[in-house]
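**Q** Okay, here's the structure, questions in a sec.
Rule-based calculations on the coordinates, nothing more; no lab input. Note that the structure is a prediction, hence the values are computed from the model and not measured. As a convention, Cβ positions derive from the backbone with ideal geometry for all residues, glycine included, and neighbour counts pool all protein chains shown.
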Amino acid sequence: MRPRMACSCCEKIVQAPLPSRPIERGRPGPGLLAHVLVSKYADHLPLYRQSQIFERDGIDIDRSTLADWVGKSTALLEPLADAIGRHVLKGQSIFGDDTPVKLLTPSG
């Protein structure tokens, strides 16, 4: 909520500007985007299930909207991923994990 202030002398009304958002003309704040990304990539929670969880709490966020947020967030995080990649490649050796992760699909 952005309070409005009125001057009693000149009757001018001023209001603080909107806070910046990670996605231009988007509604999600950084906390919500972080939650969606961590749930998807760290907790392996598919977007359709996240949408169902939000709906259970009375918040209607379609899976396609979540996918759009994930796509736009990857563009925002690309400079960070590039910096991490450069840091990793400077090391003497690189270790990888080939452990498979099962994917959940809406059909089963």
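**Q** Among the lysines, which have Cα under 27 Å from the Cα of Lys72 when same-chain residues fewer than 8 positions away are ignored?
**A** Answer for Lys72, where 27 Å is the Cα cut-off: Lys40, Lys102, listed by chain and number.
**Q** Moving on to the next point. Want the number for Asp43 to Glu24: 0.36 nm per residue separation, take away the alpha-carbon distance, what's left?
**A** 4.2 nm
**Q** Next question, about the same structure. Please tell me the relative contact order of the stretch 25-81 in percent, rounded to the nearest whole number, where contacts are Cα pairs under 8 Å and at least six residues apart.
**A** 29 percent
**Q** Quickly estimate the mean residue ellipticity at 222 nm for the chain, helices only: each DSSP H run with n ≥ 4 gives -39500 (n - 2.57), and the total goes over all residues, rounded to 500.
**A** -13500 deg cm²/dmol
**Q** According to a simple spin-label model (label point 7 Å from Cα along Cα-to-Cβ), what is the distance in nm between Lys72 and Ile13?
**A** Between Ile13 and Lys72, the simple spin-label model gives 2.8 nm.
**Q** Please report, in whole Å, how far the alpha carbons of the stretch 25-81 spread along each principal axis, starting with the longest.
**A** 35, 27, 18
**Q** In the chain, which whole DSSP H runs stretch at least 24 Å along their own axis (Cα) and average 0.5 or higher on the Kyte-Doolittle scale?
**A** none
**Q** Among (1) 44, 14, 10; (2) 38, 24, 9; (3) 20, 19, 13, only one was calculated for this model; which label is it, if the read-out is semi-axes √(5λ) of the Cα gyration tensor in Å?
**A** Here semi-axes √(5λ) of the Cα gyration tensor in Å agrees with entry (2).
**Q** At most 12 other Cβ atoms within 10 Å plus a DSSP loop assignment makes a site exposed; report the longest stretch of the chain without any exposed trypsin sites (Lys or Arg not before Pro).
**A** It works out to 26-89.
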